[in-house]
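As structure tokens, the structure follows; a few thoughts come after it.
The values are calculated or read from the model by the stated rules, or taken from the named source; none is laboratory data. Everything numeric in this text was worked out from a predicted model, so none of it was measured. Every residue, glycine as well, gets a Cβ built from its backbone with ideal geometry; the counts of neighbours run over all protein chains shown. Ligands, DNA and RNA are stripped out before the accessible areas are found, and what is left, the full protein with its side chains, is counted by its heavy atoms. Shrake-Rupley method; radii C 1.70, N 1.55, O 1.52, S 1.80 Å.
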Amino acid sequence: MTQLPYLSLTEGDRDEMLAAIGVSSVDELFRDIPDAMRFRGELDLEPALSEPEIVAHLTELAERNAHTGRELSFLGAGIYDHYVPAFVDAMLARGEFLTAYTPYQPEMSQGVLQAIFEYQTAICELTGMEISNASGYDGPSVTADACYVAKHATGRSKVALCETVNPQVRQVVKTYAPGFGLEVVEVSHRGGVTDPDELRDAARDAACVVFQQPNFFGCLEPAPELAAAANDAGALPIAYVDPLSLGVLEAPGAYGCAIAVGEGQPAGNPMAYGGPHYGFLAVRDDYVRRMPGRIVGETTDLDGQRGFVLTLQTREQHIRREKATHNITTNQTLLALAGLMYLSWLGPQGLREIGETCTALAAHAKERLGLEPAFPDQATFKEFAVRLDRPASDAIRDARAKGVHPGYALGRDYADLDDALLVCLTERRTVADVERLAEALGR
């Protein structure tokens, strides 16, 4: 793909454009603006930099950032350092994907439409659901959207939100709730997981319950029991899942969930300092007409050839506002396609192997560190919480001085866990890395 270099605007270019529109100067172009409204002074800006100077300046700023190439990172808590193969970026750099916008004209957009269709198929296979949309902005926003779907489907307005769900997800749901006409109640955890009986009580008269698997503490929830408790109360079970856990854990559709949502970043996206990423949302057929976003469908053209179109669009720009379930302008197609490429590269066996590797490394790290578990006897996937002999934020500060980021301080979100550190092991970490972590934590 040929990329044109940036060419600055010259005085000759400016004069040519002014002549083309029939004015002699920039002042004449703006002559209709009253003089009292025009600024005649000099802007208080630093002198312009040349291209080499601006590159050097931005490079210096970028080097102030901490990243996984500089620090050995055991930080997770919703954004994960999984390996993204080189071919993903190579494919995304192709103009057909990189510059593609919303495919309103199917006759001009078959390639992008097919790619989105394949993405939807992959998400359905991964989650065990029947319909996926074309992606959303991120995991938190699609979770809030799922609650709105549940409100329309059930006629109820209460949301039962498990305390073990990522705090940022919970905050976004609470932020959306007033606009959606939702009441949010939280269900406390018991020893790091949610009690199904307590969830059943909270779900009475609720539109939905939202739980996370694995949860924010890294613990495996009794997901089938939580889904059953929601269904018993007439609420829709919504599972917020890590896509890379689904190579070793059961899919939400297999244990009775109505909706599966999640942050797609672990599958094919870099950490990128927290974003942008993509969210996925998949539902059972019953709720397809209430889904937010767009759905690409398969059809045939006039010649009987296979083709793809935008089958459903629930954005208020396209349908009556009172019928709309979405008001966001577009989806995260480019980032979602990175997820499709990544999942296709892995395949079912590769997905399983990554899950097994993360689980094994986490088990080894638990044993090697020998720290008191924050939630004893709970099974985990790739994250686990340990108790320290001091505030976790202090331990993180000291470890980072040694070039190791040891994890996430749970006290930032849970007042009774100030001494708890959430440690994450992805397939990028090694046994030698665990030794460095142990040394950094004084073990």
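Tabulated data
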{"quantity": "Residues (of a type in the set (D, E, K, R) and either farther than 19 Å from G256 by Cα or at pLDDT below 90 (or both)) located in region 95-135", "calculated": "E96, E107, E118"}
{"quantity": "Test: residue in region 79-99 that is touching a Gly at 6+ places or on another chain (Cβ under 6 Å) and free of Cβ contacts under 8 Å to residues at least 40 places away in the same chain", "calculated": "yes"}
{"quantity": "Output for region 231-254, where each listed residue is outside any strand (DSSP E or B), in contact with a strand residue (DSSP E or B) (Cβ under 8 Å, 6 or more places away or on another chain) and more than 14 Å from A153 (Cα to Cα)", "calculated": "A233, D242, P243, S245, L249, A251, P252, G253"}
{"quantity": "Breaking point among (1) in contact with a Ser or Thr (Cβ under 9 Å, 6 or more places away or on another chain); (2) of a type outside the set (A, V, I, L, M, F, W, C); (3) more than 30 Å from P103 (Cα to Cα), for G339", "calculated": "(3)"}
{"quantity": "Any pair with Cβ under 9 angstrom, 6 or more apart, that starts in region 428-442 at a residue that is over 16 Å from T68 (Cβ atoms) and at pLDDT below 95 and ends at one that is open to solvent by 20 Å² or more (accessible area, probe 1.4 Å) and hydroxyl-bearing (S, T, Y)", "calculated": "none"}
{"quantity": "Conditions (1) surrounded by fewer than 24 Cβ atoms within 10 Å (Cβ to Cβ); (2) in contact (Cβ under 8 Å) with a residue 60 or more places away in the chain; (3) of a type in the set (A, V, I, L, M); (4) in a helix (DSSP H, G or I); number of the one not met by A228", "calculated": "(2)"}
{"quantity": "R294 being surrounded by fewer than 17 Cβ atoms within 10 Å (Cβ to Cβ) and either modelled with pLDDT under 95 or under 23 Å from A146 (Cβ atoms) (or both)", "calculated": "no"}
{"quantity": "Flag for V209 being at pLDDT 95 or above, within 27 Å of G355 (Cβ to Cβ) and not polar (S, T, N, Q)", "calculated": "yes"}
{"quantity": "Conditions (1) at pLDDT 90 or above; (2) open to solvent by 60 Å² or more (accessible area, probe 1.4 Å); (3) of a type in the set (G, A, S); (4) under 28 Å from M271 (Cα atoms); number of the one not met by A19", "calculated": "(4)"}
{"quantity": "Pairs, first of a type in the set (D, E, K, R) in region 119-133, second not in a loop (DSSP other than H, G, I, E, B), C-beta under 6 Å, six or more apart", "calculated": "E130/D285"}
{"quantity": "From G234, G247, G218, G192, residue being in contact (Cβ under 8 Å) with a residue 60 or more places away in the chain, crowded, with 16+ Cβ neighbours inside 10 Å and farther than 25 Å from Y137 by Cα", "calculated": "G192"}
{"quantity": "Sole residue being on the phi < 0 side of the Ramachandran plot, surrounded by 15 or more Cβ atoms within 10 Å (Cβ to Cβ), among the acidic types (D, E) and in contact with a helix residue (DSSP H, G or I) (Cβ under 9 Å, 6 or more places away or on another chain), chosen from E71, E96", "calculated": "E71"}
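So that you can scan it fast, the table gives a plain yes or no per residue for (1) out of contact with any Asp or Glu (no Cβ under 6 Å at 6 or more places or on another chain); (2) open to solvent by less than 50 Å² (accessible area, probe 1.4 Å); (3) assigned to a loop (DSSP other than H, G, I, E, B); (4) acidic (D, E):
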{"site": "P348", "(1), (2), (3), (4)": "yes, no, no, no"}
{"site": "R352", "(1), (2), (3), (4)": "yes, no, no, no"}
{"site": "E356", "(1), (2), (3), (4)": "yes, no, no, yes"}
{"site": "A360", "(1), (2), (3), (4)": "yes, no, no, no"}
{"site": "D389", "(1), (2), (3), (4)": "yes, no, yes, yes"}
{"site": "V434", "(1), (2), (3), (4)": "yes, yes, no, no"}
{"site": "E439", "(1), (2), (3), (4)": "yes, no, no, yes"}
